[in-house]
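Beneath this line is the structure, given in C-alpha cells, with notes to follow.
The values are calculated or read from the model by the stated rules, or taken from the named source; none is laboratory data. This one's a predicted model, so the numbers in the text were calculated from it and none came from an experiment. Cβ placement follows ideal geometry from the backbone for every residue including glycine, while neighbour counts extend to all protein chains displayed.
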Amino acid sequence: MSRFFSRALFFKESFQLLRKFSFYLIAVFFLCIPFFYYFIYSDFFSFSKLIPINEFFLIIPFIYIILIPFLSMLSWANEGTFLEWLPFSSTSIFFSKWLSSSLALALFLLSTLVIPFFASFFIYFDWAIIFTSYAFLFVYGIYLISLSQALFVFVNNKLSAFILLMLIIVFGNRFIDSPWAFKGIIQSFEFSSLLLLTFLFFIAGVFIKERKKGKKLSPKILLLIFLVFILALINLNIFSFKIDLTKNKAFSVSNETKQMLASLEDDIRIKYYLSPSLEKQYPQVKEVKDFLKLLEKNTNTFGKKNIGLSIINPEKLSEEEIRSLDLKSQQIQINTKGKTVFEKVFSSIRLQYLDKSLSIDFALSLNGLEYALFSRIQNLIGENEKKVYLLLANDQPLENYSFFLSLLIEEGFIPIDVETHGIDRLDETIPLILIGSNENINDKTPYIESFIMRGGSTLFFLSKTKIAFDSDWTGKTKNQDALLEMLDYWGFEIQDGLLIDLENKAELSMQNLEDDGIETIDYALWQKIEKNNIENPLIDAVKSLDFFWPSPMKIHSSENQKIQALFLTSEHSLVQDADEEGFFVTDPFALASYRYENQLREQFVLAALGEGSFPGYYSSGKSKPTHLIVIPDEVCISNAMGNIDFLTFVTNSLLYVTGDESLIGLKNKTQAESYFVADIERMPGKIHLEKTALFYPVLGLFPFAVIGIGIFIYRKKRYRYGY
C-alpha cells in the first residue's frame, strides 16, 4: 500500500492532462469566454456606462459548467482497471487526480488575470476584490472537482456522469450568485463550508472506489462521518466571521459606532421595511440588510442587547399603516412576461429610541449608510446636535438653494438663517456658510470678521461675477466689496474675470436653431476638475467637482496661517475679461468663436482651505485658530446646477471645522466601487491607442499561443510514441 501522496502518480496525472490537445482547447475557451463577455458583450469600450469588475467574476461559475466535467473526463479517460494493478491506494489515486485537476484550474484562473489587469487601464477598482474573488473561485472550483471525481467513480458511464455533473453545477450556481468574496470580503463560512464539502466528497469517492473493489465498509463509520460533517457545518455557521479587505472597510462596523451604541442607556429599535421585488431587481439592497444584521451582531455582546432589528415586508401592511408610518416609496421599472410595469417599492429604515424616532427614507446601497445611521442615532439621543449658520448675501432668493439645503438637512445638519437669527449674535462654535456678496455685504463684513476673530469657521462661496444662471446666463462683473477685500487681505485673492480651462471643458448638448438638430459644444466656462492627487480628508471621497462660471483665484500663505489648494485648474487656463460695459461672453455658440491665442495660460485655484490665526482686518490682533474654506463660485450649489458632489465636500468641511474629523472617515466610507480612471470622453485618441495596442494582441495572440503550445506537445507525443 503506497502512502497518501505519490509524487510519481501526481506527475503521471499532470502530464496526462498536458499531453492532450483538448486540454489546450478548453484553456482557450476558459480565457476567451470571459474576455468576450466583459469587453465585447457588455460593450465595455463604448464607455456609455461603467462595467464593474464584478461582472467578470460572475461569468466564471457558468464556465465551470463545462470546464469541471471536462477536466474530470480527461482525468478518468481510458483508465479502466490499469491503476488497480499498481501499488497505489484509492486515496493516493484520488488525491493525485484531484491535485492535478486543481493545479490545472489554478493555471486557468491565473491566465484570466490579464482581464482585470487590462481593465485597470480604464477603470479604478479595489484590488482586494480581485484577490478575494479569485480565492473564492478557486475554492469553489476544487470543491466541484472533488464532487466530480466522486461522481465519475460512482457512475460507470462517463457521458452520463458528464451530463449529471453539469446539471448539479447549474443547480449549485444558484446559491453563489453574489458571494461576499466578490465584494472584497472573506466570509469564513463561504470558504470553510466549501473546504468541508471538498473533504466530504473526497472521502465519499474513496469509499465508493473501495466498495467497487469488493471491500466492505461499516455503515457506522459512514454515519459517524456524516454526523461529524453536519455538526461541523452548523458550528462553522454559528461561529462565522468576516474579514473586510476593502480599502474603505464598507462592510465593517466602525469603532465610533460600536462605542456610541455601547453607551446607550436603552435599546435602539431598527425596523427595515424592504420590498422583496426591490431586492430581486437590485441585489445591492441585500447588502443593506446584511449590514444591519452585522450591526446587530457586532453590538449585542455579553448579554447586553443594544439593537433590536426587525425586517418587515411592507407588502403585508395596509395603505393606512404605510401612511401612519410615513414610509417613503419609489417606483422601479420591472419587466414581467414581456411587459414593462412600474411598481412602488420600499427600502426604508426606521430607528426608534425611547419615544423618539427618525427615518432613512430610501437606502439602496451601503454608501454613506453607517454615517446616516450614526448621525440619526446621535440626534435621537440628543448628542452633538449639528447646526450650521447660513447667510445668503447675493440677490438670489433662498428658494434657488433649497435643493442643497434639503440635502444638508438629510445629512443631519440644522441650517439657521442668519438674517432671522441676527448677524451680531453668531455663536463661534457653529460654522457659517456664506453664499455670494453684493453691495449690502459691506455693513455685515465687520460682524463676519468678529465671528472669525473669535474662532468661528466659515465656508465662502463667492465670485466677482454676477450670473443670471436661472435665465439667459448673462454674466456681468461685480463691484469690489469689503468682504472680497478682507479675503484678499487674508490670502484668498479672487480676481476679476471669468475662468476658462481649455483642458477641463464641459460638454453641452444644445439645439442648433438652423437645422433643429442637437449639437455638442465645448463650454470652457464650466469645468469638471479632478482632485489632482491632493491629500486632504475633506476631499478623500470626492473624485471630482463641477464648477460653473467660477472666478480665477490665487492663494498666498503667511507665517501664521497655512492656505492649501484643494482643487486646481489645469495649467492651460486663462481669464476672460469683461467688455467696456462689464459684460462677459457666456453664450455657448458665441464662446465657440472666442479667441484665446494671445492670452497667458496659467493655473488657478478653485477651492482652498486656510487654517491658523488670521490678522484683524477691522480690529487689531490676530484671530483664534480657525478654518476658512473659499470656493470662487456661488452657482455650484444652486438648484439650477444640482451638483450633488458638492454636498459631500461641504458636509466633510463642516465635520472638519467642528472638530468631528473622525466622522469624515465614517462618511467617506463607501463600497469598493469601480469608476473611470479619467474622463474617458476627453481622450479618445489615447483610448483608441491603448485598445489597439493591448486588447487585440491579447485577444488574438494569447489564444493562438496556447493552441500552438498544445499542437507542439501533441506532435511531440506522436513523434515520440510513433502514432
Of those in the stretch 375-387 that are within 16 Å of residue 659 (Cβ to Cβ) and not small (Gly, Ala, Ser), the residue modelled with the lowest pLDDT is 384
Looking across the stretch 103-143 at residues that are in a loop (DSSP other than H, G, I, E, B) and surrounded by fewer than 16 Cβ atoms within 10 Å (Cβ to Cβ), the single one that is nearest to the chain's Cα centre (by Cα) is 120
Apart from one, (1) touching a Lys or Arg at 6+ places or on another chain (Cβ under 9 Å); (2) more than 30 Å from residue 249 (Cα to Cα) all hold for residue 366; the odd one out is (2)
Screening 540, 546 for residues that are surrounded by fewer than 21 Cβ atoms within 10 Å (Cβ to Cβ), of a type outside the set (Val, Ile, Thr) and modelled with pLDDT of 80 or more leaves only 546
Of the candidates 379, 394, the one satisfying the condition of being closer than 25 Å to residue 433 by Cα, of a type outside the set (Gly, Ala, Ser) and assigned to a loop (DSSP other than H, G, I, E, B) is 394
Scanning the stretch 531-585 residue by residue, the ones that are of a type outside the set (A, V, I, L, M), part of a strand (DSSP E or B) and within 26 Å of residue 626 (Cβ to Cβ) total 6
Taking the stretch 599-645 and keeping residues farther than 20 Å from residue 569 by Cβ and within 27 Å of the chain's Cα centre (by Cα) leaves 638, 639, 642, 644
When restricted to 493, 485, 507, 519, the only residue modelled with pLDDT of 90 or more and either part of a strand (DSSP E or B) or touching a Lys or Arg at 6+ places or on another chain (Cβ under 8 Å) (or both) is 493
Of the candidates 152, 171, the one satisfying the condition of being in contact with a helix residue (DSSP H, G or I) (Cβ under 7 Å, 6 or more places away or on another chain) and either farther than 25 Å from residue 244 by Cα or part of a helix (DSSP H, G or I) (or both) is 152
message = Considering only the stretch 591-600, I want to know if a residue exists there that is of a type outside the set (D, E, K, R) and modelled with pLDDT of 90 or more.
response = no
Checked against (1) among the hydroxyl-bearing types (Ser, Thr, Tyr); (2) over 28 Å from residue 542 (Cβ atoms); (3) in contact with a helix residue (DSSP H, G or I) (Cβ under 8 Å, 6 or more places away or on another chain); (4) part of a helix (DSSP H, G or I), residue 420 satisfies every condition except (3)
Taking the stretch 300-326 and the residues there that are part of a loop (DSSP other than H, G, I, E, B) and more than 30 Å from residue 255 (Cα to Cα), the one that is modelled with the lowest pLDDT would be 326
Result of the Cβ filter at 6 Å on the stretch 577-604, keeping first residues that are over 12 Å from residue 525 (Cα atoms) and partners that are surrounded by 11 or more Cβ atoms within 10 Å (Cβ to Cβ) and among the charged types (D, E, K, R), at least 6 apart or interchain, is 582/476; 583/476; 603/571
Checked the stretch 94-126 for anything touching a Lys or Arg at 6+ places or on another chain (Cβ under 9 Å) and within 15 Å of residue 185 (Cα to Cα); matches are 126
Checking 648, 586, 569 in turn, the sole residue that is over 33 Å from the mean Cα position of the chain (by Cα) and closer than 30 Å to residue 396 by Cα turns out to be 586
Only one of 543, 562 is within 19 Å of residue 501 (Cβ to Cβ) and charged (D, E, K, R), namely 543
Q. Do we have any residue at all in the stretch 580-599 that's surrounded by 14 or more Cβ atoms within 10 Å (Cβ to Cβ), touching a strand residue (DSSP E or B) at 6+ places or on another chain (Cβ under 8 Å) and under 24 Å from residue 668 (Cα atoms)?
A. no
Selection from the stretch 163-198 of residues surrounded by 15 or more Cβ atoms within 10 Å (Cβ to Cβ) and under 23 Å from the mean Cα position of the chain (by Cα) yields 176, 179, 180, 181, 182, 183, 184, 185, 186, 187, 188, 190
request  = Test residue 397 against the stated conditions and say whether it is at negative phi and in contact with a Leu (Cβ under 6 Å, 6 or more places away or on another chain).
outcome  = no
When restricted to 209, 215, 242, the only residue touching a strand residue (DSSP E or B) at 6+ places or on another chain (Cβ under 7 Å) and either surrounded by 13 or more Cβ atoms within 10 Å (Cβ to Cβ) or modelled with pLDDT under 80 (or both) is 242
Across (1) within 39 Å of the chain's Cα centre (by Cα); (2) assigned to a helix (DSSP H, G or I); (3) surrounded by fewer than 22 Cβ atoms within 10 Å (Cβ to Cβ); (4) modelled with pLDDT of 90 or more, residue 444 clears everything bar (1)
Next on the checklist: Take residue 146 and tell me if it is farther than 26 Å from residue 245 by Cβ, buried (at least 19 other Cβ atoms within 10 Å of the Cβ), at pLDDT below 85 and out of contact with any strand residue (DSSP E or B) (no Cβ under 6 Å at 6 or more places or on another chain).
Outcome noted: no
Note: among 426, 459, just one is touching a Pro at 6+ places or on another chain (Cβ under 9 Å) and either at pLDDT 90 or above or surrounded by fewer than 20 Cβ atoms within 10 Å (Cβ to Cβ) (or both), namely 459
Of the conditions (1) within 30 Å of residue 316 (Cβ to Cβ); (2) of a type in the set (Gly, Ala, Ser); (3) over 31 Å from the mean Cα position of the chain (by Cα), the single one that residue 347 does not satisfy is (3)
Taking the stretch 1-15 and the residues there that are over 11 Å from residue 104 (Cβ atoms) and at pLDDT 70 or above, the one that is surrounded by the most Cβ atoms within 10 Å (Cβ to Cβ) would be 9
Residue pairs within 8 Å by beta carbon, gap of at least six or interchain, first lying in the stretch 256-270 and of a type in the set (Lys, Arg), second in a helix (DSSP H, G or I), listed first then second, are 258/298; 258/299
